Amino acid sequence: MRIRVLGAAAGGGFPQWNAASEACRRARAGDPAALPASQASIAVSADDERWLLINASPDLRAQIEAHPPLHPKVAPRSSPIAAVVLTNGDVDALAGLLHLREGTAFALYAHPRVLAILDRNPIFEVVDRGIVPRRPLEPGCAIPVRDAAERSLGLELLPFVAPGKIPLYLEGEAGEALDTEALEGDVLGLEITAGGRRLVWLGNCARITGEVRRRVAGADLLFMDGTLWQDEEMIRQGIGPKTGRRMGHVSMSGEEGAIARLADLPIGRRIFIHLNNTNPALLADSPERATLLAAGWEVAHDGMELFL
């Protein structure tokens, strides 16, 4: 498998358009320790020719242009993007579909609850169902990834329910039923395998459960939710009243954080992705970055390339 990180940041990117924090100011000033990042997505290929996108971020057009393997190769119009899988219904996971509306075929995979969000919003009809089939995912059921013409990409996809919450824009109609344990399917983790190697994607994850530990154990590569360093980070910085867990994100640090809860598991490479602009670990010269590096973790960055 060949993997390219298209975007490493959480919703809003880094720097975020309306954020004037020290970290965002450093990024705008070109500080090499504060590298800008677009919104989280990766591309995966088994043959270096056809690619599966994990989520379609609002930055997708720029991400495609920044990654030559995703450029069209056949005139007059074409794309190496053969399939897209949506792991949740958040804006930063699906808004990029609107960039893929120009009449080129690909397959679109998502849980039925996320497909229903697309069905209810007529703007997504610009992604023509006649050439872009919408295929439902069933948690726990492995499937071969296929393009719109049913040709295999050489990748196997196993979706599973991840701890999280429903999209922010649906919270009003959901009442108290925000958690994905109550509404199964709003957030998925993914196991992607090819050639005997296994990648696990948990770009959104509210807590490290026994099931999460089971899924990531033995993975050759783990992309893990790195939104926040501390659970009360947003509150302490005066950004908002919600904890990380309330927003559907486990912290990096702390006894219940990802670093501590996954420390004893055999994992090949462990990489944090989906970092919020408030997370001090975004800064390469921060003590938080040094701490996670010492614990065997890495931080994803736009343009990062990996091979399994």
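Rule-based calculations on the coordinates, nothing more; no lab input. Quick caveat: nothing in here was measured; it's all calculated off a predicted structure. Neighbour counts run over all protein chains shown; Cβ positions are idealised from the backbone, glycine included.
Considering only the chain, what is the antiparallel percent among its DSSP beta bridges, to the nearest 5?
Antiparallel bridges make up about 55 percent of those DSSP assigns within the chain.
Pull out a ≥ b ≥ c, the square roots of the eigenvalues of the alpha-carbon gyration tensor of the chain, then state rounded if a/c is under 1.5, prolate if not and a/b is larger than b/c, and oblate in the remaining case.
Rounded is the answer for the chain, as its axis ratio a/c remains below 1.5.
Could you calculate the FRET efficiency of ALA294 with ILE143 from 1/(1 + (r/R0)^6), where r is the beta carbon distance between them and R0 is 22 Å, rounded to 0.05?
Using R0 = 22 Å, I get an efficiency of 0.05.
Can you pull out the trypsin sites (Lys or Arg not before Pro) in the stretch 180-250 that DSSP calls coil and that have at most 16 other Cβ atoms within 10 Å?
LYS242, ARG246
What net charge is computed for the residues neighbouring ASP119, neighbours being all others with C-beta under 11 Å from the C-beta of ASP119, Lys and Arg scored +1, Asp and Glu -1?
Every neighbour counted, the sum reads +3.
Can you give me the Cα centroid spacing of the stretch 1-58 and the stretch 231-272 in angstrom?
19 Å
Net charge near ALA20, counting Lys/Arg +1 and Asp/Glu -1 over other residues with Cβ under 12 Å of its Cβ?
+2
Given the rule -39500 (n - 2.57) for each run of at least 4 DSSP H residues, summed and divided by the residues of the chain, what is its mean residue ellipticity at 222 nm, to the nearest 500 deg cm²/dmol?
Computed mean residue ellipticity for the chain: -4000 deg cm²/dmol.
Where does the charge balance sit around GLY244 when Lys and Arg score +1, Asp and Glu -1, over other residues with C-beta under 12 Å from its C-beta?
+1
May I ask you to derive the relative contact order of the stretch 2-300, considering only C-alpha pairs under 8 Å and at least 6 residues apart, and to give it as an integer percent?
Worked out over the stretch 2-300, it gives 15 percent.
Quick check on the stretch 180-308: take the gyration tensor over C-alpha atoms, sort the square-rooted eigenvalues as a ≥ b ≥ c, and tell me if it's rounded (a/c under 1.5), prolate or oblate.
Cα axes put the stretch 180-308 in the oblate bin.
Treating only the Cβ of Lys, Arg, Asp and Glu as charged (+1, +1, -1, -1), what charge dipole size does the chain show about its Cα centre? Round to the nearest 20 debye.
The dipole magnitude comes to about 460 debye.
For ARG28 and ARG120, compute 0.36 nm times the residue count separating them, minus their Cα-Cα distance, and round to one decimal in nm.
Here the segment from ARG28 to ARG120 would lengthen by 29.3 nm.
Which residue, HIS71, GLY254, GLY30, has the largest displacement toward the positive end of the dipole of the chain when charges sit on each Cβ (Lys, Arg +1; Asp, Glu -1)?
Positive-most Cα among the choices belongs to HIS71.
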